[in-house]
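Heads up, the thing below is written out as structure tokens.
The values are calculated or read from the model by the stated rules, or taken from the named source; none is laboratory data. A quick note: this is a predicted structure, and the numbers were derived from the prediction, not measured. Cβ coordinates were reconstructed from backbone atoms using ideal geometry, including for glycine residues, and neighbour counts include every protein chain displayed. With ligands, DNA and RNA removed, areas are computed over all heavy atoms of the protein, side chains included. Shrake-Rupley method; radii C 1.70, N 1.55, O 1.52, S 1.80 Å.
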Amino acid sequence: MVSCYCKIPIFVFVFLLLLVISSSICAAHSSETGNSQANNQTFRPEEELKKLKLSPDGDIIDCVLLRHQPAFDHPKLKGKKPLDPPERPNGHNRKGMAAEDFQMWMMSGESCPEGTIPIRRTTEEDMLRASSVASFGKKPTRLVRRDSSSDGHEHAVGYVSGDEYYGAKANINVWAPRVSNQYEFSLSQLWVISGSFGDDLNTIEAGWQVSPELYGDYYPRFFTYWTSDAYQATGCYNLLCSGFVQTNNRIAIGAAISPTSSYGGGQFDISLLVWKDPKHGNWWLEFGSGILVGYWPSILFTHLRDRASMVQFGGEIVNSSPGGSHTSTEMGSGHFAGEGFGKASYFRNLQVVDWDNNLIPLPNLKVLADHPNCYDIQGGINTVWGNYFYYGGPGRNVNCP
């Protein structure tokens, strides 16, 4: 049963404010009464507060009315409504739609009703971990050129450039890499990029990350990001600022992913597609084979309002150089690319969307590792995986002191 928070007595309202910083309208909880009472939507505050439950990872997921989500606080989006699903790229296979229960919060029957979206509740502890309120939910302003890691960010990526791109697609292997301390992270993602690697950089990003500073734990979590000024003032992770418009009521951006891959054991990957709607120009995000998550309105951007000039796939970590040595934070599986399937992390079925809304293989994939003795990458192509690469590493080792 799911009950909406419509009229809340003042004592309950104050109680919730003390617990969280949230704009929640509904709270999701598991069904305990059976199918015979599934249609009972009566809200009883005293009972509902007792029924609030944590996800196995400790999260609370709130069900927020579509029109009340953070996106519509943006000055350029006020008064707008979520758009209808766009036309998919040509060549996109929607057969065998992936299951939506890849996140921990759904494993005990959690769900949000139609007309709402699930939002991971931001807690006081989340805010206090940030270096400042202004920086919460944002990547630090930093040098973002891929040929330098002087800012502590290190990469192992595959990329294409020199053409016009209207989207990207990949299957991303999911692991739970070790992160050495609260101030570091490890992520695997795709980037859709336009502008120079200066103050005017526009990016759209999606993938998974382990970030103890942002989430307070070491679970891999599904995330999104955007910026239109090289991570300076605009953009944020997930729904932590106005911008990204979510349309799906079953996927919580920022929630933990399960299962994850194991060394020498089962492998799990997620399929992500980002593409520019030819009709309205917005950038949509799809998970699996047909599950629309939402979109980045084109008005958020300058260069990406038209097209992308580069697409990147791969891993990134932060090296805070603890004790003057390289960090032991892992990228991917924590093992080098040469170990191959089941041991090294991978990206497969890499594609881009062309000017005519066609999904096509990468024309000329290049690979780059900032510090190959710490994290490396090896690309390839075959008939099953198309364009792919293995990547990652353990960080500090005898060759990476």
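Provide 374, 241 ordered by accessible surface of protein heavy atoms (probe 1.4 Å), highest first. Don't jump to the answer; show the numbers that get you there.
On the way: 374 5, 241 35 Å².
Final ranking, largest accessible area leading: 241, 374.
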Counting only residues 5 or more apart in sequence or on a different chain, those whose built amide H sits under 5 Å from that of residue 153 are 319
For residue 263, project a label point 7 Å along Cα to C-beta. Then give me every residue of region 173-206 with its amide nitrogen under 13 Å of that point. 176-178
When each of 138/169; 78/169; 80/279 is checked by Cα-Cα distance, pairs over 21 Å: 138/169; 78/169
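Summarise the accessible area of region 264-401 (1.4 Å probe, protein heavy atoms) by the percent that is carbon and sulfur. Walk me through the intermediate numbers first.
Numbers: 2610 of 5170 Å².
Here it works out to 51 percent.
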Rough spin-label spacing in nm, given labels placed 7 Å along Cα→Cβ, for residue 151 and residue 368: 1.4 nm
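Keeping all protein chains in place, calculate the accessible area per residue for region 132-249 (probe 1.4 angstrom), answer in Å². Please report the intermediate quantities before stating the final value.
Working: 3400 Å² over 118 residues.
With the other protein chains kept in place, region 132-249 gives 29 Å² per residue.
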Under 14 Å, Cβ to Cβ, from residue 172 - net charge with Lys/Arg +1 and Asp/Glu -1: -1
Give the carbon-plus-sulfur fraction of the accessible surface of region 144-225 in %, rounded to a whole number; probe 1.4 Å, heavy atoms of protein chains only. 43 percent
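How would you rank 244-252, 74-82, highest first, on the average number of other Cβ atoms within 10 Å across their residues? Each step should come with its number before you reach the end.
Values: 244-252: 22.8, 74-82: 12.0.
Top to bottom by mean Cβ count within 10 Å: 244-252, 74-82.
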So, in nm, how far is label residue 355 from label residue 382 when the simple model puts each one 7 Å beyond its Cα toward the Cβ? 3.6 nm
